[in-house]
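Structure, as structure tokens:
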Amino acid sequence: MEEAKSQSLEEEFEGQATRTGPKGVINDWRKFKLESDDNDSVPSSKKEILRQMSSPQSRDDKNSKERFSRKMSIQEYELIHQDKEDENCLRKYRRQCMQDMHQKLSFGPRYGFVYELKTGEQFLETIEKEQKITTIIVHIYEDGIKGCNALNGSLTCLAAEYPMVKFCKIKACNTGAGDRFSSDVLPTLLIYKGGQLISNFLSVAEQFAEEFFAGDVESFLNEYGLLPEIHAIEQTDM
């Protein structure tokens, strides 16, 4: 059992140090830890291991490549992770990441309600002139069409919860392309960012139950990654 555990730990850390994705985040943390540790309190052996784990190497450097591509031993793993101070450093790293995210999100505009667009020109102007970082969700609807009223109510709730997303609505007859938005495809959701259409959902009410609410629409949009993380929004309001 112990041998299998050791093999699993080694496989987890197999490969080169410089990566993207989850392992890239791990390497970022390793580098952060190395930089934040007190030089006088960290054993030189531990600093060397951290340095090897976090520093990128040149592909042409044969010695470096061999050193970084080797598997981590179980002793090295325990050396890095056994100390309580590692947990404190990880918390500091997470806090720094949240602060960075907070800074980025704070610079964006805030809305908080659903904008009623009256003309096709107003619709185009909203898409073309809004900031590139802003996600714009446009509901194309008509009165009396099943699902349109419920969707308008749901988007009103979501606009308050996601003030950094710009929610808009416009009647199909006012778009200047009413023939493309017949009652058969309503309600329709169009999602734009940076002036580009990134998603569109025709007859979107068919994705929900007969009676649906803001939570259902929120879950649907989150499935496609079209809403920001709610905890990130809460951080900006603190």
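Note on segment 139-238: enclosed helices (runs of 4 or more DSSP H) holding 3 or more residues that are out of contact with any helix residue (DSSP H, G or I) (no Cβ under 8 Å at 6 or more places or on another chain), open to solvent by 20 Å² or more (accessible area, probe 1.4 Å) and not β-branched (Val, Ile, Thr) are 148-161, 214-223. Among all residue pairs at least 6 apart or on different chains, which show Cβ distances below 9 Å where the first residue, located in segment 187-200, is in contact (Cβ under 8 Å) with a residue 24 or more places away in the chain and the second is in a strand (DSSP E or B) and open to solvent by 40 Å² or more (accessible area, probe 1.4 Å)? Partner pairs satisfying both residue conditions: 188/200; 189/200; 190/197; 190/200; 191/197; 191/198; 191/200; 192/198.
The values are calculated or read from the model by the stated rules, or taken from the named source; none is laboratory data. Because the structure is a prediction, the values reported are computed rather than measured. A quick note on method: Cβ atoms are made from the backbone with ideal geometry, for glycine too, and the neighbour counts reach across all protein chains shown. For the accessible areas, the whole protein counts, side chains as well, though only heavy atoms, and no ligand, DNA or RNA atoms are used. Shrake-Rupley method; radii C 1.70, N 1.55, O 1.52, S 1.80 Å.
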